[in-house]
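Shown next, in C-alpha cells, is the structure this report addresses.
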Amino acid sequence: MSSESPASTTNGKSSNGSKTLETVESIVIRFCGDSGDGMQLAGTQFTNVSAIFGNDVSTLPDFPAEIRAPAGSLFGVSGFQVCFSSAEIFTPGDDVDTLVAMNPAALKTNLEDLKRGGTLIVNEDAFDKSNLKKAHYESNPLDDEGGQLAAYRIHKVPMTRLTRDAVAGLGLTVREADRCKNFFAMGLVYWLYDRDSTPTEDWVKEKFSKYPSIVEANLRALKAGYNFGFSTEQFTVHYEVPSAELEPGHYRKITGNEAVAMGLATAAKLAEKELFYGGYPITPASDILHELSKLKRFGVKTFQAEDEIAAITSIVGAAFGGALSVTASSGPGIALKSEGIGLGIITELPMVIVNVQRGGPSTGLPTKTEQSDLFMTYFGRNGDAPMPVIAARSPADCFNMAQEAVRIAVEYMTPVFLLTDGYIANGAEPWKIPDVSDLYKINVQYTTEPNGEGDEYLPYLRDDRLVRPWAIPGTPGLEHRLGGLEKWDGSGEVSYDPDNHEHMIRTRAQKVANIADSIPEQEVEGPESGDLLVVSWGGTYGAVKSACTESRRQGKSVAHCHLQYIHPFPKNLGQILKNYKKVLIPELNAGQMWMILRGVYLVDAVSFTKVKGKPFLIGELCAKIDEVLAS
Amino acid sequence: MSADTILPVLTQKDFASDQEIRWCPRCGDYSILAQMKKVLPTLGIPRENIVFVSGIGCSSRFPYYMATYGMHSIHGRAPAIATGLKVARPDLTVFVITGDGDALSIGGNHLLHALRRNVDLKIIMFNNQIYGLTKGQYSPTSPRGKKTKSSPFGSLDQPLNPLSVAIGAGATFVARSADVDVKHLTMVLERAANHKGSAFVEVYQDCNVFNSGAFEFATKKDQKHENCIYLENGKPLIYGNDRDKGIRLNGAGHPEVVSLSDVKDDDLLFHDESIDDPDHAFRLAQMRWPNSPEPMGIFRCVERPTYDGEVDRQFHDCIEQQGSGDLESLFHSGDTWEVKAK
Ligand SMILES: Cc1ncc(C[n+]2csc(CCOP(=O)(O)OP(=O)(O)O)c2C)c(N)n1
Ligand code: SF4
Ligand SMILES: [Mg+2]
C-alpha cells in the first residue's frame, strides 16, 4: 500500500470497521467517457498498477477516429477495458464487471456490455440537460428508480464537484480542475479494487514535473477519489484480486506496437547491422514509427517518408544498400505499397512489411480491429508474386514475430509480411522479459567475392535453397544492376525469354515454399484427433484458446490450432486438418483464411466470421463450437 | 579523397557495361550516356561506390549501360529509392536518372520531397517533352496544343516548368543543358556530380521518334546562341551570335532584352548562382523560349546541410550521448516487476 494512502486495507474489515474486503479471481473494468476525459490514461494507469502488483492483465482500448469529437456526443465516446486476474488470462474479457461512465453518452454506448448485477459508477454531475440531449436521453436515466439501471449496483458520484473541491486553492481554472476528474475516478476504483496507487503517483510526478500545481491537483483528485470510496456509505464492499501465478522472472507491460519496434531493434542489434525504417503515419501503425525513432542508439535510422509509396521504395533502396529494412502501415497504406513490394520480390531483396490491420475497405474503421487484409497480403500484387506471411498472436508475441520476420527476410532474400492488428497493436499484456543471451542472432552475410567464371559476379546464382547472394554497393568487382524487369536466372540480365520467365516464376515461388524447412511444426492444443479442430490465426488467439479450453473443461473433444505461419504453412498442417471430424475457422473478416485453407487443403471447414471492428468474445465462440458439434 | 589514397585511374571504358544498348538510333539518350561516362572518371570516386537509380521510361534504361551498381526500378519512384539508399549508405555517390513523365508526373511528389530535404542525390532528368517508352503520349512538359497519340486535337494541359518547380522546392543546385551540346553538358554534369546536396539537372533530349526536333532552338549551331543565354557565374547576361544583346531588369524588375550598343555591360543583369534567395534563379527559370531568350547552365548552386548527412549526424550524436544501445536496459526500461518462484 502506498504510504500516502489514507487507510490500510488488510483482509477482512478495514479500520473504520464498516467495509468488507472480498477476494475474487478476476475482474473486468471499463472506463468510458468523452475523448477529452482522459479515459485511455485512466485505463493505462490502472493496468500498470495491476501488472506491477502481479496480476495477469489484458487490455482493450477503444477510441473514436476523431481526436476531439464534440463533447458529450455519442460518437465521441472513448473507452478502455482491462481484465486483471489472479489466473492466467488471454483476453480482456467478454462482460464488464465494473463500468465507470463519465457522462450520459458513455453510459448509453457502453451499458449493454455491463453484466447484470455489475457495478456502475457514474459521474452524476455530467448528467445535465445538455449532455442528456446530446446522448439522446429523453429523461435522466439516473432519476428513473426501477428503470433501465435497476439491474445494476449503481453508484452516483458527483465527481465534477468533488474534484473541484479537492483542487480548490491551487489556482486552477475550472477547465483545468475538471481535467483532473479522471484521477478522481481512478482513485475511487483503486480503492474499490484495493490497488496500490504509488506507480500512478510516481508517474504523475515525473510526467508533470515542470508543472507542480498540476502534479498537486492530480494527486489530490486521486486521493479524493480514494477517500470517497473509503468513507462514503455508498460503498460497503471492496475487492482484492490476488497476484497471478505467472512464470517466475522479470516482467513489464507491453503493447503490440511497442513489441514490434523492440523486436526489430533487437534483431538489428544482435545482427550487428543497421535497421532502416521508412514509414508514413497511419492509425494504428504510427506507434511503431514513434517507438523506433527513439532507438537510434540501437543502430536504427527512421525516415518519415512523403507517402507510403516512398516509404516502401525507400526500404528497397536501403535493402540494396545492405540495411535491414522495414516499413509498417495499415490497410490504405499497404494498398499503396503493392508495386514497391513487387519490386522487392523480383529484385529478391530482404525487407519486412508490417501490416497493422484495421477495419476496411478504404478508410474504413481506422481505430477498430479486423483481420481483413489477409487476402491483400497473401495475393495483393500483380503477377504471380508469392511472399512469406506470418502473423503475431498477442501483444508480447509481436516481439518474437518481428525478429522472425527479419530472420526470414535475410535468410531467404525476400520481402516478408508481418500481420498484426489494431487489437494487439494497442492492447497490452505482461511480457516476460527475455534473457538477451537466449535470443536468436541473425547472421547477415554480404557476398564479397565473385561467384562466376573469370571474376564475374552472378547476382542470381542460387544456393540449394534457391536463395541468391546479397552483394552491396561499395564492394569492388561485384558491380551489378537490379531492376523490375524479368531477370535471366544466374546472371540477372534482363530477359524476355518465355521459358526463363516461367522458370523464374516457379523458382521464386519454390524459394518461398522452402521457408517451410526453417519454421517450427504446427502444434495443437487439446486432443490429437477428435470431434472438432478450431483453426485461428493472428490476434484472435486469446479468445479462441480460451473458448477451446472452456469447451474441453466441459468434456468436449475440441482442439485448437493457432497459425503463426501463414505462407508457407507448416508442413504438418495438412495432416492435422485430417485428424478431426470437423474443422471450424473463426476470423474477424468475411472468411478469408477459410477460403485459403479450403483452396490449399480441400478441407470442408465451417467458417465463423465477425466483422464489427471488435474482437471475438469467448462466449460467442463457445456457442459456435457447441453449434458445430451438435450439427 | 586523401592525397595518399592511390586510386586506379579509370577511363570512360571502365564505366561501360557489357549490355547491348537498346535505344532507337539517334536518340538523344546516347549522347547523355557518353558525356556521363566522360565525367565519372574525373570524379576520383571508385566505381563500386557509384550507384545509378532510375524509374521507368526509355531514359530509365540508363543504369543497365553503366558498369557501376544500379537499379532500374518502378515508374516515378527513383528519388524515394535513392533517398533510402543514400540515408542508409551516406558513403555512396548516388545518381537518379529519370524522364519528364517519370519525374514530374507519376513521381512528382518524390521529386519535390527529395529536393526540399536536400538529399545528396544527382538527379538528371531527360526532358523529351513526351512519353517515349509508351510510344508517344503528351507529358507534363509538352507544350499546350501538342498533338500526340493521346491528344489528337492538341493537349489542353498547361506544362510544368521543371526548373521553377525545382527552385520552388528548395533545390540547392539547379541547371539545364541539352543532349548534343556536348561540352556544355559535360560541364553541367561535372558540376552537378561535385555538388554536395540535391542537384537537379534538366537535359533537353531529342526523342527523334515521337517528338523529333523539339529542342532545335537550343541545339542547332546557327540558332542556339540567338535563342539561349549561356550563364556564366559573376558575368552579365549577354547572348547572340555576335554577343550583341543583353538582359537588363526594367523598372518593374522584369528582365528585358537590350542591345549592347545602347546599354553598358555594368547596367545588365549579372548572374550569381550562389545567392541564397531563390528570386534570381526563379526569374531566370521563367525566361522561356520563344517568349524570351532562354538561359542554359547553372541557375543556382548554394550550400545547405544534406538530409542524409543530418540523419547520420543525429544517429551518431545519439550513440555518443546515450551510449550504444544496450538491449538488457531497453527491455527493463519503464515499469517492471518481478514474479518470484513460489
Ligand atoms: C505504374 C506504371 N504506370 C504506367 C507505366 C507505363 N509507362 C512506362 S514509361 C511511361 C512514361 C515514360 O515517360 P518519361 O518518363 O518521359 O520517359 P521517356 O520514355 O520519355 O524517357 C509510362 C507511362 C508503368 N511502367 N508503370
Ligand atoms: S522512343 Fe524516343 S526517347 Fe525512346 S529510345 Fe526512341 S528516340 Fe529515344
Ligand atoms: Mg519523356
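The values are calculated or read from the model by the stated rules, or taken from the named source; none is laboratory data. Values in this document were obtained by computation on a predicted structure and should not be read as measured data. So basically every Cβ, Gly included, is an ideal-geometry build from the backbone, and we count neighbours across all protein chains shown. For the accessible areas, the whole protein counts, side chains as well, though only heavy atoms, and no ligand, DNA or RNA atoms are used. Shrake-Rupley method; radii C 1.70, N 1.55, O 1.52, S 1.80 Å.
Could you check how many residues of the range B:16-56 are within 9 Å of chain A (Cβ to nearest Cβ) and among the β-branched types (Val, Ile, Thr)?
Of the residues in the range B:16-56, 4 are within 9 Å of chain A (Cβ to nearest Cβ) and among the β-branched types (Val, Ile, Thr).
Would you check if B:Tyr131 is in the same structural domain as B:Cys27 (by TED's automatic domain parsing), among the aromatic types (Phe, Trp, Tyr), free of Cβ contacts under 8 Å to residues at least 60 places away in the same chain and touching a Ser or Thr at 6+ places or on another chain (Cβ under 6 Å)?
Judged against the criteria, B:Tyr131 is not a match.
Considering (1) out of contact with any Lys or Arg (no Cβ under 7 Å at 6 or more places or on another chain); (2) more than 7 Å from chain B (Cβ to nearest Cβ), say which one A:His238 fails and leave the rest.
The single condition A:His238 does not satisfy is (1).
Output the number of the condition that B:Pro63 fails; it satisfies all remaining conditions of (1) closer than 27 Å to A:Val326 by Cα; (2) open to solvent by less than 10 Å² (accessible area, probe 1.4 Å); (3) more than 16 Å from ligand 2 (Cβ to nearest atom).
(3)
Can you find a residue that is in a helix (DSSP H, G or I) and surrounded by fewer than 18 Cβ atoms within 10 Å (Cβ to Cβ) anywhere in the range B:43-59?
Just the residues of the range B:43-59 that are in a helix (DSSP H, G or I), to begin with: B:43, B:47-49, B:59.
Next cut, surrounded by fewer than 18 Cβ atoms within 10 Å (Cβ to Cβ) only: B:43.
Looking through the range B:43-59, at least one residue is in a helix (DSSP H, G or I) and surrounded by fewer than 18 Cβ atoms within 10 Å (Cβ to Cβ).
Going residue by residue through the range B:15-22, is there one that turns out to be within 13 Å of ligand 2 (Cβ to nearest atom) and surrounded by fewer than 23 Cβ atoms within 10 Å (Cβ to Cβ)?
Checking the range B:15-22: at least one residue is within 13 Å of ligand 2 (Cβ to nearest atom) and surrounded by fewer than 23 Cβ atoms within 10 Å (Cβ to Cβ).
With respect to A:Val389, is the statement that it is of a type in the set (A, V, I, L, M) and within 18 Å of the chain's Cα centre (by Cα) true?
Yes: the conditions hold for A:Val389.
Checking B:Gly84 against (1) within 14 Å of another protein chain (Cβ to nearest Cβ); (2) away from ligand 2 (no atom under 16 Å from the Cβ); (3) over 26 Å from B:Ile275 (Cβ atoms); (4) open to solvent by 30 Å² or more (accessible area, probe 1.4 Å), only one condition comes out false. Which one?
Here B:Gly84 meets the rest and fails (4).
Taking the range B:74-94 on its own, how many of its residues are within 14 Å of ligand 1 (Cβ to nearest atom) and in contact with a Leu (Cβ under 6 Å, 6 or more places away or on another chain)?
2
Find the residue count for the range A:180-223, including only residues that are of a type in the set (Gly, Ala, Ser) and within 14 Å of chain B (Cβ to nearest Cβ).
Residues meeting the conditions: 1.
List the number of the failed condition for B:Ser59; all other conditions in (1) touching a helix residue (DSSP H, G or I) at 6+ places or on another chain (Cβ under 9 Å); (2) within 14 Å of ligand 1 (Cβ to nearest atom); (3) within 7 Å of chain A (Cβ to nearest Cβ) hold.
(3)
A quick yes/no check of all residues on (1) open to solvent by less than 30 Å² (accessible area, probe 1.4 Å); (2) at positive phi; (3) of a type in the set (Gly, Ala, Ser):
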{"site": "A:Ala265", "(1), (2), (3)": "yes, no, yes"}
{"site": "A:Leu270", "(1), (2), (3)": "yes, no, no"}
{"site": "A:Lys273", "(1), (2), (3)": "no, no, no"}
{"site": "A:Glu308", "(1), (2), (3)": "yes, no, no"}
{"site": "A:Ala311", "(1), (2), (3)": "yes, no, yes"}
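In the list A:Pro520, A:Pro527, which residue meets the criterion of being in a loop (DSSP other than H, G, I, E, B) and within 21 Å of A:Ile596 (Cβ to Cβ)?
Details: A:Pro527 fails: within 21 Å of A:Ile596 (Cβ to Cβ).
Only one candidate qualifies: A:Pro520.
With a cut-off of at least 2 residues that are closer than 30 Å to A:Pro434 by Cβ, at pLDDT 95 or above and within 14 Å of chain A (Cβ to nearest Cβ), name the helices (runs of 4 or more DSSP H) lying wholly within the range B:231-342.
B:307-322, B:327-331
Of the residues in the range A:417-435, how many are farther than 24 Å from A:Thr47 by Cα and touching a Lys or Arg at 6+ places or on another chain (Cβ under 9 Å)?
Residues of the range A:417-435 farther than 24 Å from A:Thr47 by Cα: A:417-419, A:435.
Of the ones still in play, those that are also touching a Lys or Arg at 6+ places or on another chain (Cβ under 9 Å) are none.
Qualifying residue count for the region: 0.
Within the range B:95-134, work out how many residues are near ligand 1 (Cβ under 9 Å from one of its atoms) and in a loop (DSSP other than H, G, I, E, B).
7
Only residues that are in contact (Cβ under 8 Å) with a residue 40 or more places away in the chain, open to solvent by less than 40 Å² (accessible area, probe 1.4 Å) and within 15 Å of ligand 1 (Cβ to nearest atom): list them for the range B:143-163, please.
Across the range B:143-163, the qualifying residues are B:Thr148, B:Pro162.
Are any of the residues in the range A:486-503 part of a helix (DSSP H, G or I), at negative phi and of a type in the set (Lys, Arg)?
If we filter the range A:486-503 for residues that are part of a helix (DSSP H, G or I), which is where we start, we get A:498-503.
Subsequent filtering for residues that are at negative phi retains A:498-503.
Still in the list and also of a type in the set (Lys, Arg): none.
Within the range A:486-503, not a single residue is part of a helix (DSSP H, G or I), at negative phi and of a type in the set (Lys, Arg).
In the list A:Gly38, A:Gly54, which residue meets the criterion of being under 25 Å from A:Phe127 (Cβ atoms) and either in the same structural domain as A:Leu365 (by TED's automatic domain parsing) or buried (at least 20 other Cβ atoms within 10 Å of the Cβ) (or both)?
On the way: A:Gly54 fails: under 25 Å from A:Phe127 (Cβ atoms).
When all the criteria are applied, what remains is A:Gly38.
Tell me the strands (runs of 3 or more DSSP E) entirely within the range A:375-432 that contain at least 1 residues that are more than 30 Å from A:Arg252 (Cα to Cα) and touching a residue at least 24 places away in the same chain (Cβ under 8 Å).
Answer list for the range A:375-432: A:415-421.
Give me the residue from the range B:87-101 that is open to solvent by 10 Å² or more (accessible area, probe 1.4 Å) and free of Cβ contacts under 8 Å to residues at least 60 places away in the same chain and, out of that set, farthest from the other protein chains (Cβ to nearest Cβ).
Only one residue fits best here, namely B:Asp91.
I'd like to know if the range A:463-478 contains one or more residues that are within 18 Å of A:Ser518 (Cα to Cα), open to solvent by less than 30 Å² (accessible area, probe 1.4 Å) and of a type in the set (Lys, Arg).
Taking every residue of the range A:463-478 in turn, at least one turns out to be within 18 Å of A:Ser518 (Cα to Cα), open to solvent by less than 30 Å² (accessible area, probe 1.4 Å) and of a type in the set (Lys, Arg).
Filter the range B:197-214 down to the residues that are within 21 Å of B:Ala281 (Cβ to Cβ) and within 16 Å of ligand 1 (Cβ to nearest atom) and list them by number.
Correct list: B:Phe200, B:Val201, B:Glu202, B:Val203, B:Tyr204.
Do the conditions hold for A:Thr98, that is, is it open to solvent by less than 10 Å² (accessible area, probe 1.4 Å) and polar (S, T, N, Q)?
It is true that A:Thr98 is open to solvent by less than 10 Å² (accessible area, probe 1.4 Å) and polar (S, T, N, Q).
Within the range A:587-630, how many residues turn out to be surrounded by fewer than 16 Cβ atoms within 10 Å (Cβ to Cβ), of a type in the set (Asp, Glu) and outside any helix (DSSP H, G or I)?
Residues in the range A:587-630 being surrounded by fewer than 16 Cβ atoms within 10 Å (Cβ to Cβ), of a type in the set (Asp, Glu) and outside any helix (DSSP H, G or I): 1 in total.
Taking the conditions exactly as written (on the phi > 0 side of the Ramachandran plot and either open to solvent by less than 10 Å² (accessible area, probe 1.4 Å) or within 11 Å of chain B (Cβ to nearest Cβ) (or both)), does A:Gly333 satisfy them or not?
Criteria not met by A:Gly333.
Are any of the residues in the range B:188-201 of a type in the set (Ser, Thr, Tyr), in the same structural domain as B:Phe126 (by TED's automatic domain parsing) and more than 13 Å from ligand 2 (Cβ to nearest atom)? Don't jump to the end; show me each part of the working.
So the first thing to find is which residues in the range B:188-201 are of a type in the set (Ser, Thr, Tyr), and the list is B:198.
Imposing the further condition that a residue be in the same structural domain as B:Phe126 (by TED's automatic domain parsing) reduces the set to B:198.
Keeping just the survivors that are more than 13 Å from ligand 2 (Cβ to nearest atom) gives B:198.
Within the range B:188-201, one or more residues are of a type in the set (Ser, Thr, Tyr), in the same structural domain as B:Phe126 (by TED's automatic domain parsing) and more than 13 Å from ligand 2 (Cβ to nearest atom).
So which residues in the range A:484-534 are open to solvent by less than 60 Å² (accessible area, probe 1.4 Å), among the hydroxyl-bearing types (Ser, Thr, Tyr) and over 32 Å from the mean Cα position of the chain (by Cα)?
The answer is A:Ser491, A:Ser495, A:Thr507.
Can you name the residue in the range A:215-241 that is outside any helix (DSSP H, G or I) and within 18 Å of A:Pro199 (Cβ to Cβ) and, of all such residues, is most open to solvent (accessible area, probe 1.4 Å)?
Among those residues, the one meeting the criterion is A:Glu240.
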